[in-house]
Amino acid sequence: MTAARATPILETADVRRTFQVSAGFLKPRRALHAVNGVSLRLAKGEVLGLVGESGCGKSTLARMLLGLLPPSSGDILISGQPVSSLDRKAVARRIQPIFQDPYSSLNPRKTIADIIALPLKVHRVGAAAEWPAKVREMMDLVGLPHRYVGNYPSQLSGGQRQRVAIARALIMRPEVVICDEPTSALDVSVQSQILNLLLDLQRELGLTYLLISHNLAVVEHMAHRVAVMYLGRIVEEAETDRLFGDPQHPYTRALLASVLTPEPGLGVPDAHLGTAFPNPIDPPPGCTFHPRCAHAMPVCRTIAPKPLATATGHVECHLYDTEMRQAS
Amino acid sequence: MSAILEVRDLRVEIPIATGTLVPVRGVSFQVERGKTLCIVGESGCGKSLTSLAIMNLLPKRAKRTAGQLALAGADLQGVDERAMADLRGNKMAMIFQEPMTSLNPAYTIGNQLEEAYLRHRRATRAEARERAVYLLEKVGITAAGSRLRQYPHQLSGGLRQRVMIAMALMCGPDLIIADEPTTALDVTIQAQILHLLASLQREFHMGVMLITHDLGIVARVADRVAVMYAGEIVETGTVHEVFASPLHPYTQGLLRCIPVPGKTRRGEHLGSIPGVVPALFGEATQCSFANRCPHAMPACTAAPIPLTAIGADRAYRCVLPVEACVANQARAVAA
């Protein structure tokens, strides 16, 4: 894709984030590598899906991209500019979040109009007299009737609240929107409406999305490319059709095998993943996936795999490294 | 067939300041031994209250009535709380959505597993412990003996849900009611838990009533499906019939809302059901779905719609004849 070659609108270069966590009473604190060397590129107008189990570091990565958490090392670049050189407001103008739970992400004591207009106030955009018109414009855009301007979040349904959150995220006309499980808290019939809205807005406004979701069917429907995260690293990245049609990494295959498509008679698949998601404080040596991997070789227990280029992305697995295969 | 649970005309009424809420309005179904009935619906459709009503765990001010409510042929309505407590956790057990809030954080896993067994069986602590270890191993927990001494917060979400399942199995129940048992879990763990539940069900020949909003889960685990909307069952049948040829406009709409890998085209609009669920005050006077239905007509709002049976085990609640429903679905799929 040529778009990917141009300067990406958002890029991370070997970003890491380490937390010092308590290992128990009177024990020394230990390092938890929540994000452990992630390099991603988002081209303008692209939807990148990010999938992985809870605890894999998806949300930590999202918080760093939003400028809410500084990386321990590595760079985050917005249109080639390092985020560290921009102040938080400048980052917020260009990257906005939509969170999972529209019940807890809206201030219950503010009216809908106040909530949607807050970014304008924070960034001192234009005169206060112009804000109501802008708020109405946003409400039209996300399909919220104007009569709700004076209502409080508690008076709205889950889907309407998520529309408010979207309006608030878009009022500054950001370039990138980080959608962190945007529909997980919603009912099926509402989820589809919000997904349709996100797709329309993406096309109309030329937005770039990072879509974090555990719902692989939703990711396949929305994303152009997909990155699979496991214990702080992107273990596979590819164009959506490739990733779903020809998954390379054993973890990606296990994830896809676990998806319950609405097809009766197929039964529940057994992905043979074993029960234990490893403790991120004490990650397994070598390839962090090896204790759960059906194809683990001796080398996987000692040497961490390097990213290998694939047709449309990369994979981190010794199975695709001829040298390592021979070594085993 | 041997129905382990028989429910006929179950109603739940909750008096409130301005009248009476009727969140469950005349629901009838059966769960057979060794089979799974999935109750599917969106929030507020009454699916969770239905399960709580069966277990007699409704909030105090809620009133339950039923034409029939029987577990393995024994009436559940006349029995007092003491007798009900003898059944709960013994003959019928429940698995809830959030294992963290349904496990007691102040007691060890072992304590909580053994409690029901000690309550219902005249067993010694050693026997209860042995049973707990046996079941923890059954649900795929390694080092079961040492897990017994752990507290819920020391376990991951998947392990907690396994503990919940082991706990439900302690007394060898005839019926398991699982209310969104995997909603809080990752897809990988979800598949494992459902796989486990299915194999245990076969092994112990239990009836399972599984409540969920996830159509993928329904398709993969259900033998029979009951679709609930606004406190009523709007469609019921075998899982193959309901997915292959949904009759009720709500079921048809729901199935169009979800992206299906390989079927829906990327980036295209998904189906949606505009509008909101009606308030569940008082008695139904019309079709509860009429305000959101693309096929609504005057007859829909004239009177409540009865459930129409087609054959022995399929029914739907719509004024349209079957042929018209099938034609609507075919048109929508073609579009």
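The values are calculated or read from the model by the stated rules, or taken from the named source; none is laboratory data. Worth saying up front: this structure is predicted, and the values here are computed from it rather than measured. With ideal geometry, Cβ positions are generated from the backbone for all residues, glycine too; neighbour counts draw on all protein chains shown.
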*Could you tell me whether the range B:172-181 includes any residue that is of a type in the set (D, E, K, R), closer than 20 Å to A:S54 by Cα and facing chain A (nearest Cβ under 7 Å)?*
no
*asked:* Among the residues of the range B:122-171, what is the count of those that are basic (K, R), surrounded by fewer than 18 Cβ atoms within 10 Å (Cβ to Cβ) and modelled with pLDDT under 90?
replied: 1
*Select the helices (runs of 4 or more DSSP H) contained entirely in the range A:197-294, then report the ones holding at least 3 residues which are under 27 Å from A:A13 (Cα atoms) and out of contact with any strand residue (DSSP E or B) (no Cβ under 7 Å at 6 or more places or on another chain).*
A:240-245
*Meets criteria (touching a residue at least 24 places away in the same chain (Cβ under 8 Å) and within 16 Å of B:I189 (Cα to Cα)) for A:T252*: yes
*For the range B:177-253, please list each of the helices (runs of 4 or more DSSP H) lying entirely inside it that holds at least 3 residues being surrounded by fewer than 22 Cβ atoms within 10 Å (Cβ to Cβ) and without any contact (Cβ under 8 Å) to a residue 60 or more places away in the chain.*
B:187-204, B:239-244
*Positions within the range B:107-160 being away from chain A (no Cβ under 14 Å), of a type in the set (K, R), part of a helix (DSSP H, G or I) and in contact (Cβ under 8 Å) with a residue 12 or more places away in the chain, in sequence order*: B:R119, B:R129, B:R131
*asked:* Tell me the residue from B:Q68, B:Q112 that is touching a strand residue (DSSP E or B) at 6+ places or on another chain (Cβ under 8 Å) and among the polar types (S, T, N, Q), please.
replied: B:Q68
*Output the number of the condition that A:P291 fails; it satisfies all remaining conditions of (1) surrounded by fewer than 21 Cβ atoms within 10 Å (Cβ to Cβ); (2) within 26 Å of A:A43 (Cα to Cα); (3) free of Cβ contacts under 8 Å to residues at least 60 places away in the same chain; (4) not polar (S, T, N, Q).*
(2)
